[in-house]
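Take a look at the structure set out below.
The values are calculated or read from the model by the stated rules, or taken from the named source; none is laboratory data. On a predicted model such as this, the values are computed, not experimentally measured, just so you know. Note that each Cβ is placed from the backbone with ideal geometry, even for glycine, and that neighbours are counted across all protein chains shown. Areas reflect the complete protein model, heavy atoms only, side chains present, ligands, DNA and RNA absent. Shrake-Rupley method; radii C 1.70, N 1.55, O 1.52, S 1.80 Å.
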Amino acid sequence: MASDASRQLRLLLEDSPQALSPTDVYALFDALVVDFTDSPEPEVHLYNLEEQLQAIHNEVVDHNSCRQTNIFLTALVHLLPILRPVSLISNWFDLVLRPALREPRLPITGSAHAKD
């Protein structure tokens, strides 16, 4: 499930014609949260998911693209119920959140997601 959600996020960020709609991609992340809570090894799955997300961010996200930043932030917001605070600080703050908070062109929803 994590691989499918990650793959769809990558396709969405790449503007692939095979990508699902943003709403459908975020629904995959919501379903992923439910699956993680029922998983016998949630820490292992979460570690793998975060590795996949970091790879996507490094390989696909153009840091000058407010659209891509907003999509990625929204995906992270959907994962908030399973992301640990230490993960947000150590993995995502410098990489995604701080730059988003400093970006005046980011849509209001993206700024709100970064603040959350």
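Some observations on this one:
- Matching residues, segment 1-21, being surrounded by 15 or more Cβ atoms within 10 Å (Cβ to Cβ) and either assigned to a helix (DSSP H, G or I) or within 13 Å of the chain's Cα centre (by Cα) (or both): Ala2, Ala5, Ser6, Arg7, Gln8, Leu9, Arg10, Leu11, Leu12, Leu13
- Among residues of segment 54-69 that are within 12 Å of Asp15 (Cα to Cα), those with a Cβ under 8 angstrom from a residue that is basic (Lys, Arg) and open to solvent by 50 Å² or more (accessible area, probe 1.4 Å), sequence gap 6+ or separate chain, pair up as Val60/Arg10.
- Out of Leu76, Leu53, sole residue that is open to solvent by less than 20 Å² (accessible area, probe 1.4 Å), assigned to a helix (DSSP H, G or I), at pLDDT below 90 and closer than 16 Å to Ala5 by Cα: Leu76
- Selected residue (criterion: farthest from Leu79 (Cα to Cα)) from residues of segment 35-50 that are open to solvent by 100 Å² or more (accessible area, probe 1.4 Å) and of a type in the set (Asp, Glu): Glu41
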